1. Mind listing the phi-derived Karplus ³J(HN,Hα) values for the range A:48-64, rounded to whole Hz, using 6.51, -1.76 and 1.60 with θ = phi - 60°, and x for any glycine or proline?
2. I need the GluC sites (Glu not before Pro) found in the range B:1-94, filtered to DSSP loop residues with at most 10 other beta carbons within 10 Å of theirs.
3. Looking only at B:A91, B:A19, B:A79, which one moves most when chain B is put into a Gaussian network model with springs between Cα atoms under 10 Å?
4. Compute the Rg/Rh shape ratio of the protein assembly as shown: radius of gyration over Kirkwood radius, all on alpha-carbon atoms.
5. Would you calculate the volume per residue, in Å³, of the smallest convex hull containing every Cα atom of chain B?
6. I need the phi-derived Karplus couplings for the range B:61-76: 6.51 cos²θ - 1.76 cosθ + 1.60, θ = phi - 60°, integer Hz, Gly and Pro marked x.
7. Compute the signed sum of charges (Lys and Arg +1, Asp and Glu -1) over the other residues within less than 9 Å, Cβ to Cβ, of B:F46.
8. Hey, what do the phi angles of the range A:92-104 turn into as Karplus ³J(HN,Hα) couplings, whole Hz, using 6.51/-1.76/1.60 and θ = phi - 60°, x for Gly and Pro?
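Quick note: the coordinates plus some simple rules give every number you see, no bench work behind them. Treat the numbers as computed from the prediction; the structure is a model and nothing was measured. All Cβ positions, even for glycine, are placed from backbone atoms using ideal geometry, and neighbour counts span all protein chains on display.
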Amino acid sequence: SAVISQKPSRDICQRGTSLTIQCQVDSQVTMMFWYRQQPGQSLTLIATANQGSEATYESGFVIDKFPISRPNLTFSTLTVSNMSPEDSSIYLCSVMTGSGEQYFGPGTRLTVT
Amino acid sequence: SQKIEQNSEALNIQEGKTATLTCNYTNYSPAYLQWYRQDPGRGPVFLLLIRENEKEKRKERLKVTFDTTLKQSLFHITASQPADSATYLCALGVDSSYKLIFGSGTRLLVRP
């Protein structure tokens with residue numbers, strides 16, 4: 001298994017601003033992912049955070065809106081840029097272990113006013 | 001079109017009974033399937049992973065089956081307890097990229 005922490009746990013932001021979410025893992029992992037969970041919905045994958053190269057984004061998500069950094073095998077950041085109320089969601093990072101299991105962080109609850 | 005379906009209605013059962021949750025999918029060929037538990041305001045917690053060549057997996061009071069012909073997975077909790085009340089999500093691992101496609105989840109309520 002893996003222990004994952006995220007910062008901040010929650011934030012209230014104004015429209016047009018940006019927020020950077022941090023994800024820290026207690027061990028080195030190759031595969032790290034960022035998901036979004038909108039109110040009352042299930043999880044949607046935003047991107048795969050690749051160490052040493054650009055993130056791989058899913059359909060409907062773009063780098064200008066959700067830039068991702070992965071400087072090493074234990075840390076990643078997701079920035080939500082130029083926020084609007086539609087970006088209000090829980091943002092979650094996850095990691096995959098060698099056995100294929102994925103473990104999630106506690107999430108960052110973002111409210112945009 | 002591709003779909004993952006979990007019962008959107010809450011499953012309400014008596015403590016001590018077996019809870020059975022269903023995950024059906026169409027137009028996917030998953031290599032594996034995972035089940036998660038999610039409590040309100042928390043991230044999903046990994047429970048079990050079952051691969052396409054496995055019929056059944058068990059872990060303590062939990063059992064998962066995977067029928068690739070029916071395109072269905074069943075998730076069982078035996079001797080259910082009120083502490084098992086949560087939303088349960090199934091997720092398909094569909095290709096070599098390791099990304100997961102999640103169902104919408106089923107809420108389980110266990111009455112004391």
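1. Here the 3J(HN,Hα) series is 9, 8, 9, 6, x, 8, 5, 5, 9, 9, 7, 4, x, 10, 10, 5, 5 Hz.
2. On the way: sites: B:E5, B:E9, B:E15, B:E52, B:E54, B:E56, B:E60; in loops: B:E9, B:E15, B:E52, B:E54, B:E60.
Those satisfying the criteria are B:E9, B:E60.
3. B:A79
4. Numbers: Rg = 17.7 Å, Rh = 18.2 Å.
My calculation puts Rg/Rh at 0.97.
5. 101 Å³
6. Ordered by residue, 3J(HN,Hα) equals 7, 9, 9, 10, 10, 9, 10, 6, 6, 6, 6, 8, 10, 10, 10, 10 Hz.
7. Values: positive: B:R37; negative: A:E101.
Here the charged neighbours net out to 0.
8. Taking θ as phi minus 60°, the curve returns 10, 9, 9, 10, 10, 8, x, 8, x, 6, 10, 10, 10 Hz for the range A:92-104.
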